[in-house]
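Notes follow the structure.
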Amino acid sequence: MAHTEVRPLTPVSGFPFPVHASPGCEVRAEELAARTERVIAWMTDALHVAPELRLNVADAEDWSGVTDMQLYGMPRTIAGATTVAVGEAPFYAEQLASYEPHLSPATRANLREEYGEPASLVPYYEAVHVHELTHLYHQQDWASYPDLWLVELHANMGMVGYIAEMEPDMLPAMHAMTTVVYDLPVEALRFRALPDMERALEDGLFNYSWYFFHLTLAAEELWETGGTPLFRRLYEYVRARQHAVAPGPVTRDEMWAVHPALAQIMDEWPGGLGAAASGGDVGVGVGVGVGVGVGAGAGAGAEGGERDGVADAVEVPAPLEPTD
């Protein structure tokens with residue numbers, strides 16, 4: 001069997017965490033590392049946790065040597081390392097093409113205005129980079145994620161909150177892609193229920209993106225409602241679920257106890273909360289397995305046995321203090 005040698009990345013100095021880049025991509029790596037430093041400072045202040053971090057900025061040649069993400073250009077955090085692409089990726093055009101048959105003229109015009117023609121989704125995936133950095137906080141001492149949709153909702157809240165407070169110029173690029181979801185046909189989706197988000201990967205990026213976009217819209221509502229205190233409170237709840245021996249399914253009552261706006265998200269979710277709703281097989285989606293987890297054991301139940309004295313029951317964080 002032929003052996004493919006992995007080209008070593010180039011260290012990039014000047015940051016409080018290790019940064020490595022594909023040869024010739026050091027300037028772009030410095031730009032992305034500077035944003036990463038800002039994001040980590042903001043999130044550490046918000047969540048009261050300081051994560052360990054390595055940043056890889058890779059081109060297509062080096063991508064598979066530094067991440068398990070199959071799609072070049074899809075930001076990925078795993079085992080304390082966040083990997084992002086240098087720039088444009090082929091699947092960006094494929095992703096947009098999968099939406100094209102369903103888009104209204106107004107949506108098409110909005111996408112052209114925001115991303116140009118031919119479109120470049122680099123600005124959108126720079127926002128997703130912020131989402132992936134939130135997963136660093138999920139992975140510091142967590143072995144698995146019982147609830148993918150809830151973790152992705154929290155990561156989207158980190159993305160929305162950081163951009164709104166620190167880099168609002170990124171908001172139009174995030175919104176333009178997110179609001180595509182209003183044109184996507186729900187009846188064409190094989191999976192729609194919240195607990196089935198991870199199964200959506202079986203149908204590629206189209207179905208998974210429907211979840212991701214709706215959870216971004218939900219994250220915007222949560223940020224407007226509760227800001228940083230709710231961002232931290234949801235983090236504490238998700239962390240408690242991960243450490244519980246047998247957390248069981250997320251319940252509306254638990255969500256209400258964290259914040260009524262979370263219960264409302266469950267009530268109004270367009271795909272419902274029960275068993276996966278089946279739609280017609282219309283053959284949509286980017287034809288590549290995405291493999292988007294959020295860390296080791298993503299989506300699996302918590303490991304058996306008590307860890308650090310954590311009981312089976314999930315403890316809901318203390319109520320938020322009233323704000324003026």
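The values are calculated or read from the model by the stated rules, or taken from the named source; none is laboratory data. Every value quoted in this text rests on a predicted model; they were computed, and no experiment measured them. Note that we place each Cβ from the backbone using ideal geometry, even for glycine, and neighbour counts take in every protein chain shown. The area values use the complete protein model at the heavy-atom level, side chains included, leaving out ligands, DNA and RNA. Shrake-Rupley method; radii C 1.70, N 1.55, O 1.52, S 1.80 Å.
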Those residues of the range 164-223 which are open to solvent by 30 Å² or more (accessible area, probe 1.4 Å), within 16 Å of ALA127 (Cβ to Cβ) and touching a Leu at 6+ places or on another chain (Cβ under 9 Å), in sequence order | ALA164, THR179, TRP223
Output yes when any residue across the range 64-75 is among the aromatic types (Phe, Trp, Tyr), over 18 Å from the mean Cα position of the chain (by Cα) and modelled with pLDDT of 95 or more, and no when none is.
-> no
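Can you tell me how many residues in the range 20-47 are within 24 Å of PHE231 (Cβ to Cβ) and open to solvent by 60 Å² or more (accessible area, probe 1.4 Å)? Can you show your working first?
Step one: list which residues in the range 20-47 are within 24 Å of PHE231 (Cβ to Cβ), which gives 32-47.
Those left that are additionally open to solvent by 60 Å² or more (accessible area, probe 1.4 Å): 37-38, 41, 45.
Selection size over the range 20-47: 4.
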Within the range 145-163, considering residues that are aromatic (Phe, Trp, Tyr) and open to solvent by less than 10 Å² (accessible area, probe 1.4 Å), the one farthest from LEU230 (Cα to Cα) | TYR145
Subset of the range 114-144 that is without any contact (Cβ under 8 Å) to a residue 12 or more places away in the chain and at negative phi - its residue that is surrounded by the most Cβ atoms within 10 Å (Cβ to Cβ) = ASP141
What residue, among those in the range 224-256 that are outside any loop (DSSP other than H, G, I, E, B) and hydroxyl-bearing (Ser, Thr, Tyr), is most open to solvent (accessible area, probe 1.4 Å)?
-> THR225
How many residues does the range 57-88 contain that are surrounded by fewer than 23 Cβ atoms within 10 Å (Cβ to Cβ) and in a strand (DSSP E or B)?
-> 2
